[in-house]
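Reviewing the structure listed below.
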Amino acid sequence: MLGRIAAIWGFVGVCLFLGNAIYKLALISSQMEMDELNFLHWLIMGLWITFMAYFEGYMGFQKGFSPRVASRIFFLSKNVTITRLIFAPLFCLGFFDAERKRIIFIFCLTISIIALVKLMESVPMPWRAIIDIGVVVGLTWGLIFVVVFTLQAFRSDNCSFPAGVPIK
């Protein structure tokens, strides 16, 4: 029972984390005046969206992050501890009880993302909105595949993705 609660909390927490970022960036992007965009803006936006869909969405999320998160959610349902239960979203994201290299990577990635977000605050419109639209595409792709891979894992009751949890 606790395993199910932890898995649900982990899944919902990860979805809220990604969904919140998508929502906030979409709000900023919606402030862009479409009629003020010229050909260069449209060209760069199209290229940026394509780039982010492939590299962030497909390569980053679909091929790496999303299956790993789904696997950790599945693992959590079978291997709950009190710490994992309380901090289930952080466990599912790989902030603890993961391989040392993965934890270092996650913390460095998080710090880099925070720095990029702060840097983007100073970028003027419409460039900030164009950047944010690409990020929204990548994050939405990632969220969709977290859901897809998590459903796959629990439907088969045997998750084939590596959870990256060190064996103790």
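The values are calculated or read from the model by the stated rules, or taken from the named source; none is laboratory data. All values reported here derive from a predicted model rather than from experimental measurement. Don't worry about glycine lacking a Cβ; one is built from the backbone with ideal geometry, like all the others, and counts go over all protein chains shown. The accessibility values were calculated without ligands, DNA or RNA, using every heavy atom of the protein model including side chains. Shrake-Rupley method; radii C 1.70, N 1.55, O 1.52, S 1.80 Å.
For region 32-84, the alpha-carbon radius of gyration amounts to 1.91 times the rule-of-thumb value 2.2 N^0.38 Å expected for a compact globular protein. In region 104-168, the alpha-carbon atoms span a convex hull of 94 Å³ per residue. Heavy-atom surface analysis with a 1.4 Å probe gives region 65-168 a carbon and sulfur content of 71 percent of its accessible area.
Set the Förster radius R0 to 22 Å, insert the Cβ-Cβ distance between R102 and N79 as r into 1/(1 + (r/R0)^6), and round the FRET efficiency to 0.05.
Numbers: r = 17 Å, r/R0 = 0.76.
Efficiency, rounded to the nearest 0.05: 0.85.
Think of a 1.4 Å ball rolled over the protein heavy atoms: region 1-81 then has 59 Å² of accessible area per residue.
Can you give the angle from 0 to 90° between the axis of helix 39-52 and the longest principal axis of the chain, with both taken from C-alpha atoms, to the nearest 10? Roughly 10 degrees, rounded to the nearest 10. Helix 127-156 and the longest principal axis of the C-alpha atoms of the chain enclose an angle of approximately 20°.
Please state the charge dipole magnitude for region 78-168, taken about the Cα centre, from unit charges on C-beta atoms (+1 on K and R, -1 on D and E), reported in debye and rounded to the nearest 20.
260 debye
Largest first and in whole Å, the equivalent-ellipsoid semi-axes of region 52-148 read 28, 16, 11, each the square root of five times a Cα gyration tensor eigenvalue. Projecting label points 7 angstrom from Cα along Cα→Cβ for L37 and Y54 puts them 2.0 nm apart. If I fit a long axis through the Cα atoms of helix 100-120 and take the longest principal axis of the Cα atoms of the chain, what angle between them do I get, 0 to 90°, rounded to 10? Long axis of 100-120 versus the principal axis of the chain: about 30 degrees. Based on every Cα atom in the chain, Rg and the maximum pairwise Cα distance Dmax equal 17.6, 59 Å.
Taking the convex hull of the alpha carbon positions in region 82-125 and averaging its projected area over all directions gives 3.9 nm².
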